[in-house]
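Down below is the structure, laid out as structure tokens.
The values are calculated or read from the model by the stated rules, or taken from the named source; none is laboratory data. What you see is a predicted model, and the numbers here were worked out from it, not measured in a lab. In this analysis, Cβ positions are derived from the backbone assuming ideal geometry, glycine residues included, and neighbour counts consider all displayed protein chains. Ligands, DNA and RNA are stripped out before the accessible areas are found, and what is left, the full protein with its side chains, is counted by its heavy atoms. Shrake-Rupley method; radii C 1.70, N 1.55, O 1.52, S 1.80 Å.
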Amino acid sequence: MTTPLTIIGAGLGGLVLARVLHVRGVPCTVYEAEASPATRAQGGLLDIRDYNGQPALEMAGLTGEFRKIILEGRQAMRILDRRGTLLLDVPDDGTGGSPEVQRGELRQMLLDSLPAGTVRWGHKVSGVRTLGEGRHEVSFADGTAVVTNVLVGADGAWSRVRPLLSDATPEYTGFSFIETHLFDGDARHPTSAETVGGGAMMVLEPGKGILAHRERDGNLHTWVMLARSQDWFAAVDFTDPDVATARIVQEFDGWAPELTALVTDGETPPVLRHIFTLPAEHRWDRTPGVTLLGDAAHLAAPNGEGANLALLDGAELGEAIAAHPDDVETALAEYEQAMFVRSVGANAEGPDLEDMLGDGTPHKLINAFIGG
Ligand SMILES: Cc1cc2nc3c(=O)[nH]c(=O)nc-3n(C[C@H](O)[C@H](O)[C@H](O)COP(=O)(O)OP(=O)(O)OC[C@H]3O[C@@H](n4cnc5c(N)ncnc54)[C@H](O)[C@@H]3O)c2cc1C
């Protein structure tokens, strides 16, 4: 079967691409590994920035819908030390350019903006191969396959499309995050809720840290950050939430109880996420009929830019394809040239894990905030 423009991955980047194409009248199909939108909790707050994420949503004609899901006041940010003493407090005065939304609500907004059937759930790509003249065959884990004239890999860090373009593979940064949630913080975990404040709270030391966000309904979302090898984590039994939590919190011995409670009071099993990156200057030669966007193209350690870049990639790729309906190679070349420069710049400028958890933290970061 030959399909129209084929997008692999219904993450934020793939969905905004599908939306822009839909608005411009270009048919496309999105193949997504997950069985349904509800398969995996799409947790986390994302600040959608006025220089990449927001323009992307504007191109998608979704600014009005986006404004409806903004969580007011969440741009507040504070940094504490291990005793719980406030080192920096930046209130949300309403003038910030990066309003926060829940990732799951943003994804649902994009899904709702597409015609029914655009996303084919439960289609995990198992392999791709070149057929020549810009055509590709995409194989799925269920044994089916499609052939397409335009293939876009929007399938994240472990992209199955990337090998068509590059030999690069993600490398472990040396840092991992452990995620948990406390629900209805104000009523059920008032000390923790007060400690986190109105938006984001960080406690940073060299090699370790705790970051927490106040999400919708006063839910508190905690990320523990640790510089340890993958082998170190492999020795922690994450199949037993109590054992894993006790082992992780041991690394924060001597920290104030209101900080460690963000971990020990977690109401969801701790989820381990190793942090991987692609080479900072990752790029490829123009290859007919295929390209990448978002994490598949430029996976970086969390720095507040990744989802925003994925959105802008998707929107700009959609605009480029719509602008060159009879010349997809020109569209892909224009998109890639701008995307390569943009992603290298954004990832070089944003704070990296070294700024947050290297020697000199937290004062390096505090000085960066105070300096503007
Ligand atoms: C801990 C953490 C915190 C972060 N915080 C922020 C933040 O605050 N702000 C920010 O801007 N960014 C943040 N990021 C980065 C951000 O999450 C990513 O950059 C962004 O999600 C990339 O979007 P994407 O659409 O490229 O890929 P993804 O969101 O990864 O979506 C890829 C999609 O492809 C699907 N898929 C994967 N493999 C296959 C396959 N074989 N077949 C079919 N489908 C497949 C997946 O199921 C998924 O739906 C964070 C990342 C991490 C790890």
Discussion item. Quick query: amide H of Gly44 versus all other amide H atoms, modeled in the peptide plane; which residues come in under 5 Å with a sequence gap of 5 or more or a different chain?
Written reply: Arg103
Worksheet item: What is the set of long-range amide H partners of Ser126 at a cut-off below 5 Å, with H atoms built 1.01 Å from backbone N?
Response: Ser139, Phe140, Ala141
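Sort the stretch 29-110 into rounded, prolate or oblate with this rule: let a ≥ b ≥ c be the square roots of the eigenvalues of the Cα gyration tensor; rounded if a/c is under 1.5, and if a/c is not under 1.5, prolate when a/b is larger than b/c, oblate otherwise.
Oblate.
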Worksheet entry | Qualifying trypsin sites (Lys or Arg not before Pro) in the stretch 73-135, DSSP loop, other Cβ atoms within 10 Å at most 13 | Arg83
Worksheet entry | Local electrostatic count at Gly97 - Lys and Arg +1, Asp and Glu -1, tallied over other residues with Cβ under 13 Å | -4
Worksheet item: At a probe size of 1.4 Å, how large is the accessible area of Asp89, to the nearest 10 Å²?
Response: 80 Å²
Response to the item:
For Lys364, the lysines lying under 19 Å Cα to Cα, once residues fewer than eight places off in the same chain are dropped, come out as Lys208
Worksheet item: Helix 103-112 versus the longest principal axis of the chain: what is the Cα-based angle in degrees, 0 to 90, to the nearest 10?
Response: 30 degrees
Item to complete: Would you please give the residues with an amide H less than 5 Å from that of Gly156, counting only those at least 5 places away or on a separate chain, with H modeled from the backbone geometry?
Response: Asp295, Ala296
Fill in: Dipole in debye (nearest 20) - the stretch 257-364, about Cα centre, beta carbon charges: Lys, Arg +1; Asp, Glu -1
180 debye
Item to complete: With a probe of 1.4 Å, find how much accessible area the chain has per residue, and write the answer as a whole number in Å².
Response: 43 Å²
Item to complete: Could you look at the chain and say what percent of its accessible area is carbon and sulfur, using a 1.4 Å probe and all protein chains?
Response: 51 percent
Worksheet item: Got a sec to turn the phi values of the stretch 288-300 into Karplus ³J(HN,Hα) couplings, 6.51 cos²θ - 1.76 cosθ + 1.60 with θ = phi - 60°, whole Hz, x for Gly and Pro?
Response: x, x, 8, 8, 10, 9, x, 4, 4, 8, 8, 4, 10
Worksheet item: For the stretch 79-87, what does the Karplus curve 6.51 cos²θ - 1.76 cosθ + 1.60, with θ = phi - 60°, yield as ³J(HN,Hα) per residue in whole Hz, taken in order and with x for Gly and Pro?
Response: 10, 10, 9, 5, 7, x, 7, 6, 9
Practice prompt. Please give the helix 12-23 orientation as an angle from the longest Cα principal axis of the chain, in degrees from 0 to 90, rounded to the nearest 10.
Written response: 40 degrees
Worksheet entry | Bridge type composition, the chain - antiparallel percent by DSSP, nearest 5 | 70 percent
Practice prompt. Lys and Arg at +1, Asp and Glu at -1: add these up for the other residues within a Cβ distance under 11 Å of Trp121 and post the number.
Written response: 0
Practice prompt. Convert each backbone phi in the stretch 316-330 into a coupling constant with the Karplus relation 6.51 cos²θ - 1.76 cosθ + 1.60 (shift: θ = phi - 60°), then list the ³J(HN,Hα) values in order as whole Hz, x for Gly and Pro.
Written response: 5, 5, x, 4, 5, 5, 5, 6, 10, x, 9, 8, 5, 5, 4
